[in-house]
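Reviewing the structure listed below.
No value in this document is a laboratory result; all are computed from the given coordinates. Since the model is a prediction, treat every value here as computed from it, not as a measurement. Here the Cβ positions follow ideal geometry from the backbone for every residue, glycine too, while neighbour counts run over all protein chains shown.
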Amino acid sequence: MTRWLRLAAFLVVAGALLLVAGQIRRFGEPRLAEMDLYFNRYSQDEVAANNAVTAIVFDYRGYDTLGEATVLFAAVVGVALILRKVKK
Amino acid sequence: MTVWAILQVLVLVFTVVSAALAVWLRDLLAAALALGAVGLFLSLAFYLLLAPDVAIAQAGIGAALTTAIFILAIRKTRRREEEE
Amino acid sequence: MSVVVRTIARMLVPVGLVFGAYVIMHGHLTPGGGFQGGAVAASALALILVSFSAKELKPVKGLLSALESTGGVAFVVFAFLGIGFTFFANAIAGMGGLFGQPVDYGPNPGYLNTSGTLPLMNWAVGLKVLAGLGSVVLLFALFGEGEDDR
């Protein structure tokens with residue numbers, strides 16, 4: 001019984017994923033490309049960086065990087081808190 | 001089918017095979033290494049999808065650091081999975 | 001670990017550290033950046049921890065903690081450099097001087113002293129990620145090692 005249930009769940013999930021994969025957009029053709037074109041054209045002039053990805057990550061979207069650094073800091077603090085020396 | 005598409009399919013097949021190996025293996029150290037292979041093949045897939053930034057991050061975190069943490073955990077516990 | 005693992009680790013740890021430093025340093029020119037380079041360098045630290053004993057890196061723990069704090073503070077300080085315009089504005093890009101050279105539009109080889117605050121932020125985030133992930137793995141390795149004072 002459980003086996004057939006598992007098989008049915010697998011088939012449903014795999015079928016849904018395959019159904020969606022048939023309708024996916026072609027690679028490199030996003031629906032809205034204005035922002036991409038803007039970054040491609042102006043990131044070298046405005047940020048003076050050849051790597052547009054780093055220009056986006058550290059300049060245009062700097063707040064995201066700040067949040068990522070905060071998340072990493074919170075994770076390290078959590079690990080240090082859990083694995084601390086236990087007072088007898 | 002260009003060479004690029006064939007490589008992509010091969011890398012994804014290797015990813016799934018490594019994930020199945022990680023479930024199937026009884027030796028936990030070998031299973032951890034198979035999980036590291038999953039991260040490595042995923043990083044190759046990212047590289048083939050023209051995202052080298054994500055590929056470097058995945059190779060550093062997914063393939064190296066998680067494997068190191070698993071190996072350290074296995075060293076502190078036991079190596080074989082118990083039979084049920 | 002066995003002698004094979006130790007020998008390979010002795011050869012690969014400097015390579016990993018240098019490649020991590022390269023990825024951080026050329027973050028504004030080639031693929032990569034602070035996070036990726038820090039992760040690569042931290043995986044070299046993890047290789048030391050896996051192949052040798054955890055006691056090898058125990059004196060570095062205070063240094064890693066200080067590096068993490070320094071990286072985080074330096075990142076926010078470099079973000080505050082552009083506070084006259086907006087937070088995180090690239091204040092010294094294109095102003096001349098160190099890291100201030102402009103870049104032409106189109107494909108070009110790229111020079112290290114461009115991009116304003118981006119290389120400095122890359123170094124800050126790289127040191128922070130290296131110290132953070134390295135200290136996580138180090139704490140895992142030091143856990144339950146007997147009479148340790150973590």
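Stokes-Einstein diffusion coefficient for the protein assembly as shown at 10 °C in a medium of 1.306 mPa s, Rh from the Kirkwood formula over Cα pairs: what value in µm²/s?
Using the Kirkwood radius from Cα pairs, D works out to 72 µm²/s.
Looking at C:Ser43, A:Val53, C:His28, which one has the Cα that reaches farthest to the positive end of the dipole of the protein assembly as shown (charges on Cβ: Lys, Arg +1; Asp, Glu -1)?
Checked the options; the winner is C:Ser43.
Taking the simple approach of a point 7 Å from Cα along Cα-to-Cβ for both A:Leu17 and A:Ile82, what is their distance in nm?
2.7 nm
Rg and Dmax of the stretch B:3-76, using alpha carbons, in Å: what are they?
Rg then Dmax for the stretch B:3-76, in Å: 13.0, 45.
For chain A, restrict the atom set to alpha-carbon positions and state the Rg and Dmax in Å.
22.9, 64
Between B:Lys76 and A:Val71, what FRET efficiency follows from the Cβ-Cβ distance if R0 is 25 Å, with the result rounded to 0.05?
Efficiency for this residue pair is about 0.40.
For the stretch C:3-142, with only Lys/Arg (+1) and Asp/Glu (-1) charged at the beta-carbon, what is the dipole magnitude about the Cα centre, in debye rounded to 20?
Its charge dipole is roughly 500 debye.
To the nearest 10 degrees, how steeply does helix C:118-142 sit against the main Cα axis of chain C, on a 0 to 90 scale?
Relative to chain C, helix C:118-142 is tipped by roughly 10 degrees.
What distance in nm lies between label points placed 7 Å from Cα along the C-beta direction at A:Ala8 and B:Thr2?
That separation, rounded to one decimal, is 4.5 nm.
Which helices count as membrane-span-like in chain A under these terms: full DSSP H, at least 15 Å along the axis by C-alpha, Kyte-Doolittle mean of -0.5 or more?
Helix filter hits for chain A: A:2-22, A:62-82.
State the percent of C-alpha pairs, over all pairs in chain C, separated by a distance greater than 21 angstrom.
Roughly 53 percent, rounded to a whole number.
Any idea how far apart C:Tyr22 and A:Asp64 come out in nm if each label point goes 7 Å out from Cα toward Cβ?
Distance between the two pseudo-spin positions: 2.8 nm.
Can you work out the FRET efficiency for the pair C:Met11 and A:Met1, with r the C-beta to C-beta distance and R0 = 51 Å, to the nearest 0.05?
Step by step, r from the Cβ atoms, then E = 0.40.
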